[in-house]
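The values are calculated or read from the model by the stated rules, or taken from the named source; none is laboratory data. What you are looking at is a predicted structure, and each value in this text was computed from that prediction instead of being measured. FYI the Cβ positions are ideal-geometry reconstructions off the backbone, even for glycines, and counts take in every protein chain you see. Ligands, DNA and RNA are stripped out before the accessible areas are found, and what is left, the full protein with its side chains, is counted by its heavy atoms. Shrake-Rupley method; radii C 1.70, N 1.55, O 1.52, S 1.80 Å.
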Amino acid sequence: MIPLLASAIEAHGGLDRWNAHRRLTATIVTGGDLWVLKGIDQDQAPRMVRIELHRERAAVEPFGKPGQRTEFSPERIAIVAADGRIAAVRNDPRGSFARHDMRTHWDPLHHAYFSGYALWTYMTAPFLLALDGFEVREIAPWREGAEVWRGLRATFPTVIASHSAEQDFYFGPDMLMRRHDYRVEIAGNFPAAHYVFDPVTVDGFTLPTRRRIYLRGDDLMPLREELMVSIDLADFRFD
């Protein structure tokens, strides 16, 4: 593990502590322009997200209807009714985004797949970068106001569903994550600058409670008037 990643993981709670847990649950509220572009009525009601820490699995509840939830893995996305019945399912969900651009409307399974892999990636970073198959290297730092943030570029293994194969992570002087850059391949490959802030400490982990994801310009600057996704998180619980 390169020193930058080791320092970042330690600042967020340490790998030994992370490996001692199996799941993380939180309450989320989401907003932003992406949902409008995708034809989705994304209300401000709180939802519960539950992820597994050591394999790529996630669930969001409620989804679509009270009691209904999603079941996400890279190979399959399903919407499960309150009585346990499979309301909708799609195998090879990634393939269903072929020829999509930023404004292509999504059906509920598109939405569920995107939410599943995105939330899993966000909530496991930076710890996921220590999993087998990731390639990481330090890149040029990014200056934001008075701070200089050290940069790390990760190449994701093909077995992990995420925004793009190559993603950049930036860490402040305290080694906490400040920014996460990527391209959203399934939505026309648009570039995003994802800021995280307002951390809290839960069971020895430092976790951001606010995320703001902006369209990114060619100069790597965020376009602040183009807020694609907002995510507020609370009520973290590890088990």
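Quick notes on this structure:
- Low-density loop cleavage sites - chymotrypsin sites (Phe, Trp or Tyr not before Pro) in region 89-192, where at most 16 other Cβ are within 10 Å (DSSP): 134
- Centroid-to-centroid separation of region 1-76 and region 184-199 [C-alpha atoms, Å]: 14
- For the chain, averaging the sequence separation of C-alpha pairs within contact (under 8 Å, six or more residues apart) and dividing by the residue count gives a relative contact order of 20 percent.
- At q = 0.10, 0.11, 0.15 Å⁻¹ the log10 of I(q)/I(0) for region 89-239 amounts to -0.36, -0.44, -0.85, computed by Debye summation with a single uniform scatterer per C-alpha, solvent ignored.
- When the chain is described by a simple charge dipole with +1 on each Lys and Arg Cβ and -1 on each Asp and Glu Cβ, the residue from 140, 18, 74 located farthest towards its positive end is 74.
- Between the Cα long axis of helix 108-124 and the first principal axis of the chain there is an angle of about 30°, rounded to the nearest 10.
- If you model region 152-239 as an ellipsoid using its alpha carbon gyration tensor, with each semi-axis the square root of five times an eigenvalue, the axes come out at 23, 16, 13 Å, biggest first.
- Restricting region 52-102 to trypsin sites (Lys or Arg not before Pro) in coil, as DSSP defines it, with at most 15 other Cβ within 10 Å: 55, 85, 99
- Placing +1 on the Cβ of every Lys and Arg and -1 on the Cβ of every Asp and Glu, with nothing else charged, gives region 1-153 a dipole about its Cα centre of roughly 220 debye.
- Check: region 25-115 dipole with +1 on Lys, Arg Cβ and -1 on Asp, Glu Cβ, in debye: 120
- The fraction of accessible area contributed by carbon and sulfur in region 100-239 is 51 percent, rounded to a whole number (1.4 Å probe; ligands and nucleic acids excluded).
- Simple point charges give the picture: +1 on the Cβ of Lys and Arg, -1 on the Cβ of Asp and Glu, and for region 73-169 a dipole about the Cα centre of about 200 debye.
- Scaled to the globular estimate 2.2 N^0.38 Å, the Cα spread of region 1-133, given as radius of gyration, is 1.15.
- Mean residue ellipticity, 222 nm, helices only, the chain: the sum of -39500 (n - 2.57) across DSSP H runs of n ≥ 4, divided by residue count and rounded to 500, is -4000 deg cm²/dmol.
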